[in-house]
Each structure stands twice: as C-alpha cells, then as structure tokens.
1. Between Ser136 and Leu435, with labels modelled 7 Å along Cα→Cβ, what's the label distance in nm to one decimal, could you check?
2. How would you rank Ser166, Ser248, Ser212, going from fewest to most other Cβ atoms within 10 Å of each one's own Cβ?
3. So what's the gap between the Cα centers of the stretch 205-251 and the stretch 25-59, to the nearest angstrom?
4. In the structure shown, do any of Lys33/Lys232; Lys12/Lys226; Lys12/Lys237; Lys200/Lys237; Lys56/Lys226 have a Cα-Cα gap over 30 Å, and if so which?
5. Given +1 on the Cβ of Lys and Arg, -1 on the Cβ of Asp and Glu, and no further charges, what dipole in debye does the stretch 97-254 carry about its Cα centre, rounded to the nearest 20?
6. Looking only at the stretch 207-230, which residues have a backbone nitrogen under 17 Å from a spot 7 Å from the Cα of Arg96 in the C-beta direction?
7. Mind checking which of Thr25, Leu41, Cys73 is farthest towards the positive end of the stretch 4-83's charge dipole, using Cβ charges of +1 (Lys, Arg) and -1 (Asp, Glu) about the Cα centre?
8. Of Leu253, Val151, Met170, which is farthest towards the positive pole of the stretch 91-260's charge dipole, taken about the Cα centre with +1 and -1 on the beta-carbons of Lys, Arg and Asp, Glu respectively?
Amino acid sequence: MASWVRGKCVGKGAFGVVNVAVSKTDGRVFAVKSVDCGAGLPSQVEALENEIRILKRMASPHVVAYLGDDVTCETASFRNLHLEYMPGGTVADLDRADVDEWLVRRYAWCLVSALRDVHACGFVHCDVKGRNVLLSRNRAAAKLADFGAAVELEAEASPELLPRGSPMWMAPEVMRRERQGPESDVWSLGCTIIEIFTGKPAWEDRGVDTLSRIGYSGELPEFPSKLSELGKDFLEKCLRRESSERWSCDQLLQHPFLLPYTVVESSPRCVLDWVESEFAESDYSDREQEQVRLEFSSLENSFKDRISKLATVSRVNWETQGWVVVREVELNESSSSSSSSTQMETEEGVNWELSNAVRVGSDLECWHGGGFNREIGKLGEEECNRGGGYGLEKLGIVRGRLSIYSCKNLMWCYLMFSMYLNILRFSIIWCLLFLLHVIEKGLRDLGCENINWKGVCNELSWVV
C-alpha cells in the first residue's frame, strides 16, 4: 500500500503524467511522475527508468531533486518517480507582460548552471526547452527537469545516432544525426532563452522546411529585437552553427549577460549594482558565489514590492503621522538643583544657544536653554514640574519675543552700568577738588601765597 496520496494532475508529457502527491507520514507535498506499466508503451517505461537512474546520480541545486521511486497498484500498476514540487509552473507558461530582460538573465543563469552540473556528471540532457524548465513558488528560481531523453556522454556515441528531444530546439548536428553532446544542449539553451523572451519557439514551425533550415542551411534563429546588445552577444555564443565554436557552460557563466550583479557599465546606477562587482574581493568559492547570487536574486521581487509600497497617491501629513520619540528632556529638578542652577545662571549670564530642542507632540514645541534668566525660569516652573519643559507656546512666548526680551535686558544692564560708572567718576573728581580746596586754604593760612593753585587743580582734574 502506498505511503502517499495522489492528487490532481499538473502536467502531461510524452513519457508520463505528473500529479501532486501528499505523504501520509509527514504531510509533505511533492510531485510524482507516473507511467502505466500495462497501458503505457515500452519506450515510456524505459524513459522513466532512465530518468530515475540519472537523477539518482545527480546532485545540483539547479536540477529538480529526486526524492524516491516506487511501484503502486491503483486502478492499474504504475511506475512512479517522486520529484521536488515546483508550484510556479514552467517558463513557457509565463505571461509575457511580466517578462523583462532582467528576468531572462536570471533564468538563463539558472539554466546554464544546471547544464554545467549535468555535463560535469557525465550526462547530456538532450531536451532543453521551456516546458522542461520549472519555476519556484515566487518564480524567483528556475530548475531543469525531465531527464527522460538524457544520455550518458560515453554511451551517446553510436554508429547510427537517433536524435533525441524536440525538433524546434535541436542543434544542426543533431538534426543531421552527427553528434549530440554538451554543445547540443548549449544550442537548445539559446533557443530556450529566445522562447522565454518572446513566448514562442525560436523557429517558426513550417514542417519539413523548418527541419531542413535547422540542419542544412546557414541560417540562425531570429534574435528578439528588444533584447540588448549584451543579450544578443550571449545568444551568438550559444547559437553558432559549428558546434566546436560554441561556448561551454563554464565560459557562458563568465559572460556579462549572466552577471547581473557585476558592474558592466561605466558607472553604477544604484547601490545594488556594486554587489559582487569586479572591484570587490571575495573569499568564496565559485559554487558558493553562485548560491549567494541565486539567493540574492530571489529577494529582488521582495525589494520591488517593498519599494512600491512606499509610493502613494495621497499626501502624507508629516505633522501628525509616524512620529517616534527618540529622546525626552526631563526638567524635574529638586530644590538643591534649582539653587545650583540659579547660581550658574548668575555666573554665566544668558545662554543664547537653544541647544536642546525636542519635539514632544504634534502641536507643542518645548525648548530648554541652559542659561535662561530667572524671570523665564519662574514663568516655566509650573511646566517644568509637570515634565513638559519650558512650555513657551502655552505661556504665550515664542522665539521672536524671547530674543527681544533678552536683548532689552542686556541693553538695560549696559545703561545701568554706564550710569553707575559715570557717577563714581564724578564723585571721585569732586572728592579730590574738595581735598585740594582744603589744602589750599590751609597753606594760605600759613602764608604761602605764590602757589598757582588754579593750575594745579586743572591738571589734577584732567588726569582724573
């Protein structure tokens, strides 16, 4: 008895049917690819067994993962392959309005990475196309699937090569039955990228005429007109009719088209352009860097969503919305601190710098100046005891009036000081004159008549 429950059908192909399945033990959701052993063709069962054998030996984060296989007896006997479930569908099902070059670059990087791993394991996929590229739930990552037509590199060289795959994506040498190797997958990759960008196969299906054009003419598929020059150059490296001239997957991974996070222009357009740039040094291995890029690219949609949420057609009232108190000024002082503060104000004078301005509400500004005079302190004493600072607006005092008030105090102090200084000076002069007058009178009484007392007094008064 099966340990899982078959769900709805999510896909059909030449080699079987794919359903969603749920595990009875842990509730895990996965995909199951099945072939009816009784009603199915021998080639279908053989293709499924071939896929099971290859996926067991495959270990790549860019290939749909193998989870197991079994045989179940339901309405009939089924051979089943358990696979990682990719709920995003295929790239062939994408809405073209949602596809831009940035998305194509991301999927192209995933596909080249997958093919690089497949070829490193000694296999050729032989059927790279949009229907065999599955997407994750948020469509941030793409993975290669359907290895029913795949072959081993050592086993693919046979006296009479039988073409494998879909004709519209086949390479010219495969169409001519000459060779089907990693270079053939690279050609199919180029056709798939055109399909992702345009939503249609790279070649227009005209039957035998199209097959003849692919295999024996010198023509190439038409490149999308809206694709950038960088993208067209990447396609040119994939779609070279001579298989030996095509770039390998390792070379393609170094192409600027697959490095969306490297600075390829003269200057960056945004901060994200500097990530993994050619100017940055990294201690990661190539595989770790690729994994970081994939994880970073999966966040791109979330970045766009977060930024789009900041846009709004309604105006924001910055005076009342979204204020957060980051610091409060507390002026609750004891009697001892009040006396010390008063003494400091007397010594330092007026502090003209309002340094501790804090907004504590939507309609009230409280200012705290370290050297306000005593009158302002008395007026704001009641507000300070309530923790509200010098409530200048509640007291009817605004910054302009406060400045005028302080200036008047300074002028008044200057005038008073000048007046007292003049009084002191004139007092000293009169005291000296009175003293000289007394001395003059005393000397005259003693008989000293020849002294010019008037000149002496004038000289003394001038000196004073």
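A short reminder: the numbers here are calculations on the coordinates, not readings from a lab. This is a predicted model, so every value here is computed, not measured. Neighbour counts are summed over all protein chains in view; Cβ atoms, including those assigned to glycine, are modelled from backbone coordinates with ideal geometry.
1. 10.0 nm
2. Working: Ser166 19, Ser248 15, Ser212 12.
Fewest-to-most ranking of Ser166, Ser248, Ser212: Ser212, Ser248, Ser166.
3. 32 Å
4. Lys33/Lys232; Lys12/Lys226; Lys12/Lys237; Lys56/Lys226
5. Computed about the Cα centre, the dipole is about 420 debye.
6. Those under the cut-off are 222-228.
7. Comparing the listed Cα positions along the dipole, Thr25 ranks first.
8. Selected residue: Leu253.
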